[in-house]
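Input: a single structure, listed below in structure tokens.
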Amino acid sequence: MALHAGSHEQFDGTLGAAIERALAGELQGVKQKALPDMGKDDRRMLFNAIAQGVVDYLRAHESDFKIVLTNKPSNAPNLAATLQIQSPSFTASVVTTTAGKRVNYSGERWPSGSVAFVWEDTGQPAGSTSASGGNITGQLTPPAGTSGKQRLGARNNAGDAVVVEVTL
């Protein structure tokens, strides 16, 4: 099962939703109050952003996790295990062509379906692709007149969202 951080397109069943449930439980336990509806959209945006950062960090540092196998069978003394965070990855790099700057992107472990790209700072759509065998790859054209550091997001309807920074 893949980890789904959460996004405004998909909240239920994600880490963002789990964070909201935990807050509701703590608020009820400590102050005997239910989580209010007021500020719900802003709260969920914050929880999704936290969840996206946590999942991104775990994926980027999966080699730091150590798995210790105990009670190994005597006929398998070299038995080893690895850890892979099962959530989508997304990378992007800027290339300069004769037609101008382009952004090459790639990613792995995306569920089947459409992945949409958006320039996060402006909310401007950057295109979309279909995950094939869990992988995405392609090239995007940045909006005319943009330069400097820009945040590019990849999102799907399953609650996966990964944002990277590129310098145009």
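The values are calculated or read from the model by the stated rules, or taken from the named source; none is laboratory data. Just so you know, these numbers come straight off a predicted model, no measurement behind them. Neighbour counts run over all protein chains shown; Cβ positions are idealised from the backbone, glycine included. Side chains included, ligands, DNA and RNA excluded: accessible areas come from the protein's heavy atoms. Shrake-Rupley method; radii C 1.70, N 1.55, O 1.52, S 1.80 Å.
Some observations on this one:
- Taking other residues whose beta carbon is less than 14 angstrom from the beta carbon of ASP121, and scoring Lys, Arg as +1 and Asp, Glu as -1, yields 0.
- Estimated vicinal HN-Hα couplings, Hz - the stretch 152-168 in sequence order (Karplus 6.51, -1.76, 1.60; Gly, Pro = x): 10, x, 10, 9, 10, 8, 8, x, 8, 8, 10, 10, 10, 10, 10, 10, 8
- Across the stretch 75-120, Cα-Cα pairs farther apart than 15 Å form 65% of the total.
- Across the stretch 1-104 the C-alpha pair distances fall into 10 Å bins from zero in the proportions 12, 27, 23, 21, 12, 5, 0 percent.
- Computed about its Cα centre, the charge dipole of the stretch 21-168 is approximately 160 debye, with only Lys, Arg, Asp and Glu carrying charge at their Cβ.
- Average Cα contact separation per residue, the chain, under 8 Å, 6 or more apart, as relative contact order %: 23 percent
- By average C-beta atoms within 10 angstrom, highest first, the peptides 156-164, 105-113, 78-86, 129-137: 156-164, 105-113, 129-137, 78-86
- Distance (nanometres) between label positions extended 7 Å along Cα→Cβ at ASP41 and HIS61: 3.4 nm
- Kirkwood hydrodynamic radius of the stretch 102-156, Cα pairs, Å: 11.6 Å
- Within straight-line reach of LYS40, meaning a Cα separation under 27 Å, sit the following lysines at least 8 residues removed in sequence or on another chain: LYS31.
- For LYS101, the lysines whose Cα comes closer than 17 Å to its Cα, not counting residues fewer than 8 places off in the same chain, are LYS149.
- Derived scalar couplings between HN and Hα for the stretch 68-81 equal 10, 9, 10, 6, 5, x, 5, 8, 9, x, 9, 4, 9, 9 Hz in order, rounded to whole Hz, by the Karplus curve 6.51 cos²θ - 1.76 cosθ + 1.60 (θ = phi - 60°), x for Gly and Pro.
- Global geometry of the stretch 35-94, whether rounded, prolate or oblate, following the gyration tensor of its Cα atoms and the 1.5 cut on a/c: oblate
- Principal axis dimensions, largest first and in whole angstrom, of the stretch 53-168 by Cα: 64, 27, 27
- Solvent-accessible heavy-atom area per residue, rounded to whole Å², over the chain at 1.4 Å: 61 Å²
- For the chain, the fraction of 1.4 Å probe accessible surface lying on carbon and sulfur atoms is 53 percent.
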